[in-house]
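The values are calculated or read from the model by the stated rules, or taken from the named source; none is laboratory data. Note that the structure is a prediction, hence the values are computed from the model and not measured. All Cβ positions, even for glycine, are placed from backbone atoms using ideal geometry, and neighbour counts span all protein chains on display. For the accessible areas, the whole protein counts, side chains as well, though only heavy atoms, and no ligand, DNA or RNA atoms are used. Shrake-Rupley method; radii C 1.70, N 1.55, O 1.52, S 1.80 Å.
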Amino acid sequence: MKRIEQRGLYFDELQEDALYVHSPGRTMTETDNVLFTTMTMNTQALHLDEVFASAQPLGGRVMNSMFTLATMVGQSVPQLTQGTIVGQLGLSEINFPHPLYPGDTLYTESKVISLRESKSKPGMGIATFEHTGKNQDGVVVATARRTCLMFTRQGHSTAGSGQ
């Protein structure tokens, strides 16, 4: 029987002229917000205290933006980088233009902004993605650029054989 494993795309399979739409969406819960906020020792009352948050300009508790960012990147993994990434090199141009609230659903799509073969690591390339997170109404709630060191198909094959 042929074995088929889920994986992301290799560097040489990525396309700059494509929009990668990730699924499923992720409905954010109050539990997510409280757990992530307290696990990361972020005591911001905008995430934890409904009485305080409801008296602020955003009108109530908002999702921790770091949780939004992590979820947005995570939603891209199965389609783009699962098993094909060597390492994340950096995140930049991170923006949160609209709040995400508990009960909202986050949908993420990605574009490849640039691709270049690595000069120092044969069989690898550097890919820069632009991730965009939208809520259920299509409102952009987060954007980020993410740069990754990726295997090429041949590079991964060689790395797996120990050569």
Q. How big is the charge dipole of the chain about its Cα centre, in debye rounded to the nearest 20, if each Lys and Arg gets +1 on its Cβ and each Asp and Glu gets -1 on its Cβ?
A. 640 debye
Q) Got the relative contact order for the chain handy, in percent, Cα pairs under 8 Å and 6 or more residues apart? A) 29 percent
Q) Relative contact order, percent, of the range 20-109 when contacts are C-alpha pairs under 8 Å separated by at least 6 residues? A) 48 percent
Q: Select from 107, 89, 23 the residue farthest towards the positive end of the dipole of the chain; place +1 on Cβ of Lys and Arg, -1 on Cβ of Asp and Glu, and compute about the Cα centre.
A: 89
Q. Looking at 36, 151, 72, which one has the Cα that reaches farthest to the positive end of the dipole of the chain (charges on Cβ: Lys, Arg +1; Asp, Glu -1)?
A. 151
Q) Points 7 angstrom from Cα along the Cβ direction at residue 12 and residue 130: gap in nanometres? A) 2.8 nm
**Q.** Most mobile listed residue (56, 15, 88) in the chain, GNM with C-alpha springs under 10 Å
**A.** 56
**Q.** Accessible surface of residue 121 - all protein chains present, 1.4 Å probe, nearest 10 Å²
**A.** 90 Å²
Q: Can you tell me how much longer the chain between residue 49 and residue 35 gets when fully stretched, taken as 0.36 nm per residue apart minus their C-alpha distance, in nm with one decimal?
A: 3.7 nm
